[in-house]
Ligand SMILES: Cc1cc2nc3c(=O)[nH]c(=O)nc-3n(C[C@H](O)[C@H](O)[C@H](O)COP(=O)(O)O)c2cc1C
């Protein structure tokens with residue numbers, strides 16, 4: 001596959017990264033959006049466009065594994081301007097460093113890299129934050145998108161963003177060490193998903209899973225152990241029937257209000 005038009009590749013579970021990708025594309029004009037996960041089965045991806053953007057959420061101070069896999073096999077023209085934006089909820093740590101290294105191992109430099117704070121969606125640990133706090137993040141996102149777009153339009157090379165304060169460095173190191181363990185078993189953490197009696201087999205979870213990790217068998221979802229932990233299935237289940245362990249039963253679901261569920265779907269609901 002060859003990408004010739006200016007493109008933003010995005011990965012998004014609950015819409016934050018898609019919102020950012022759409023807003024950046026709106027500011028730049030003429031930049032198409034492409035679901036990054038749709039490239040996973042391509043043998044070869046060549047990028048020959050003038051601009052390539054990569055927008056994704058931070059997962060435990062890492063890139064989503066699917067983002068890493070696609071970037072490892074992508075061939076990017078030496079003249080392509082590459083920017084990345086990581087959306088995060090509290091601790092982005094050195095995620096852009098990781099992304100830069102991944103690109104470098106493939107012979108490509110990251111021209112600019114940015115962080116945008118968005119509402120948290122890590123329901124394995126927390127429920128959705130209040131609407132007031134979400135709106136604060138959305139307001140800041142608008143401002144940051146304008147700043148970033150200005151830099152991209154000028155094709156400026158700039159150092160990618162890391163956590164802001166000096167004190168963050170040792171904290172980030174500890175955080176990365178503890179999360180490395182989680183990442184070892186990442187894909188099979190879906191073993192803890194289950195559905196309660198509210199599940200009617202509607203298939204929304206299957207249609208929204210960006211990793212194509214869910215099948216509906218005997219009218220119930222089955223997770224295939226290739227999970228990206230994006231939380232889309234649990235957050236968008238219309239009956240709140242999906243749970244992960246026992247702690248999610250009472251947690252408030254999060255869905256980015258600026259993105260329509262149909263924009264996130266990968267398939268029609270069956
Ligand atoms: C499994 C998981 C792990 C996460 N880890 C981090 C993290 O290490 N640091 C952070 O700041 N946010 C973390 N988050 C929050 C997301 O990065 C953030 O909410 C992001 O904007 C979600 O983007 P999306 O709506 O496009 O999926 C995590 C979320 C999930 C689901």
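Where a number appears in this text, it was derived from the coordinates with a stated rule and is not lab data. In this text, all values refer to a predicted model and were calculated from it rather than measured experimentally. Methodologically, a virtual Cβ is constructed for each residue, glycine included, from the backbone with ideal geometry; neighbour enumeration extends over all protein chains shown.
When the criteria are applied in full, residue 83 fails the requirement of being crowded, with 16+ Cβ neighbours inside 10 Å and within 15 Å of the ligand (Cβ to nearest atom). Could you check how many residues of segment 39-60 are in contact with a strand residue (DSSP E or B) (Cβ under 9 Å, 6 or more places away or on another chain), under 25 Å from residue 226 (Cβ atoms) and within 16 Å of the ligand (Cβ to nearest atom)? Result for segment 39-60: 5.
Pairs are defined by a Cβ separation below 7 Å, a sequence spacing of at least 6 or placement on different chains, a first member in segment 1-25 that is within 19 Å of residue 146 (Cβ to Cβ), and a second member that is within 13 Å of the ligand (Cβ to nearest atom) and assigned to a helix (DSSP H, G or I); the pairs so defined are 8/21; 10/17; 10/18; 10/21; 10/36; 18/263; 18/264; 20/141. Say whether the condition of being under 30 Å from residue 50 (Cβ atoms), in a loop (DSSP other than H, G, I, E, B) and either in contact (Cβ under 8 Å) with a residue 12 or more places away in the chain or more than 15 Å from the ligand (Cβ to nearest atom) (or both) is met by at least one residue in segment 148-155. Within segment 148-155 (the criterion being under 30 Å from residue 50 (Cβ atoms), in a loop (DSSP other than H, G, I, E, B) and either in contact (Cβ under 8 Å) with a residue 12 or more places away in the chain or more than 15 Å from the ligand (Cβ to nearest atom) (or both)), the answer is yes, since at least one residue qualifies. The number of residues in segment 2-33 that are over 25 Å from residue 234 (Cβ atoms) and within 16 Å of the ligand (Cβ to nearest atom) comes to 4.
Please give the strands (runs of 3 or more DSSP E) falling wholly within segment 208-270 in which 1 or more residues are closer than 28 Å to residue 138 by Cβ and under 21 Å from the mean Cα position of the chain (by Cα). Outline the logic, then answer.
Values: elements: 214-217, 220-223, 242-244.
Strands (runs of 3 or more DSSP E) meeting the threshold: 242-244.
When segment 108-125 is filtered for residues that are within 9 Å of the ligand (Cβ to nearest atom) and assigned to a loop (DSSP other than H, G, I, E, B), the ones remaining, listed by number, are 118, 119, 120, 121, 122, 123, 124, 125. If you take the residues of segment 86-107 that are away from the ligand (no atom under 16 Å from the Cβ) and part of a helix (DSSP H, G or I), which of them is nearest to residue 50 (Cα to Cα)? Ranking the qualifying residues of segment 86-107, first place goes to 103.
Being closer than 23 Å to residue 62 by Cβ, within 11 Å of the ligand (Cβ to nearest atom) and free of Cβ contacts under 8 Å to residues at least 40 places away in the same chain narrows it down to one of 178, 163, so name that one. Of the residues listed, the single one that is closer than 23 Å to residue 62 by Cβ, within 11 Å of the ligand (Cβ to nearest atom) and free of Cβ contacts under 8 Å to residues at least 40 places away in the same chain is 178.
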